[in-house]
1. Can you tell me which of R153, R113, R158 is touching a helix residue (DSSP H, G or I) at 6+ places or on another chain (Cβ under 8 Å), closer than 26 Å to T76 by Cβ and open to solvent by 70 Å² or more (accessible area, probe 1.4 Å)?
2. (1) in contact with a Leu (Cβ under 6 Å, 6 or more places away or on another chain); (2) open to solvent by 60 Å² or more (accessible area, probe 1.4 Å): which one isn't true of V143, the others all being true?
3. Against the conditions (1) more than 29 Å from R164 (Cα to Cα); (2) open to solvent by 70 Å² or more (accessible area, probe 1.4 Å), where does S28 fall short? Just the number, please.
4. Answer yes if at least one residue in the range 191-202 is part of a strand (DSSP E or B), at pLDDT below 95, of a type outside the set (S, T, N, Q) and surrounded by 14 or more Cβ atoms within 10 Å (Cβ to Cβ), and no otherwise.
5. Quick one: in the range 1-13, which of the residues that are touching an Asp or Glu at 6+ places or on another chain (Cβ under 9 Å) and within 20 Å of H101 (Cα to Cα) is surrounded by the fewest Cβ atoms within 10 Å (Cβ to Cβ)?
6. Out of the residues in the range 151-190 that are of a type in the set (V, I, T) and more than 22 Å from the chain's Cα centre (by Cα), which is nearest to S99 (Cα to Cα)?
7. Please specify each residue of the range 179-190 satisfying the condition of being among the acidic types (D, E) and at pLDDT 95 or above.
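The values are calculated or read from the model by the stated rules, or taken from the named source; none is laboratory data. Just so you know, these numbers come straight off a predicted model, no measurement behind them. Here the Cβ is made from the backbone with ideal geometry for all residues, glycine too, and neighbour counts use every protein chain on show. Note: accessible area is taken over every heavy atom of the protein model, side chains too, but ligands, DNA and RNA are not part of it. Shrake-Rupley method; radii C 1.70, N 1.55, O 1.52, S 1.80 Å.
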Amino acid sequence: MNGLDGGDFRTSDGIRPGRGRGINAPASDLAFVGRAEFHPDAVPGLELGASGYYGEADQEDDNPALRKNVSVGIRTLDAKYAIREFEVRGEVVAIDISSVHLLGSGTAPVGNRIGAWMLEGAWHAGRWVAPEEGWDLVPFVRVEEFDTNDDVRSGFSRQGTAEREVTTAGVAYFPIPEVAFKLDVEHWRDNAGRAGGGASDDTVERINFGIAWRY
């Protein structure tokens, strides 16, 4: 697949702004992705997975210093366990970016390491109430943390606003297995107070509604 564009990496957004946009996505640098899954017979309902990504991320940037110097490596471990109507899943992610001294600035450094984890629990209440009807109602809770400045180059300070915790609670309704209506509320908190100086952590609440289907 096409690689990322490191020139667009940011302090708080990490590698996200470096994605391509459809047919306009540059592909001077390529990336490689792989995944493996394991479903142990000894533990029914358990799924284990590991994924990896590696690619250069300069895309023949106008800045000659970036060329062939910036690369991104992503490693993830994930697991899901389902027993009767209950389901738990989690994920751990580590991202390494090389040559970050060529990116960002002193006041807005790009982290050379990004770390994140997520844990979610769900209850398939519809299966418990009416297992033969084909519909499902799934309340869920998710907790996640991610830090796009988990580590920065020597001489720069980690930005507290890049370290965030998100707690989400919501419900998904499946009238049929292929269609879902989802409503959730998110509570975000960053670590702006880490730098001291009288600053306090920032918080924000979000309400999301979505419709999804598969075919």
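1. Going through R153, R113, R158 in turn, just one is touching a helix residue (DSSP H, G or I) at 6+ places or on another chain (Cβ under 8 Å), closer than 26 Å to T76 by Cβ and open to solvent by 70 Å² or more (accessible area, probe 1.4 Å): R158.
2. (2)
3. (2)
4. no
5. The qualifying residue surrounded by the fewest Cβ atoms within 10 Å (Cβ to Cβ) is S12.
6. V179
7. D184, E186
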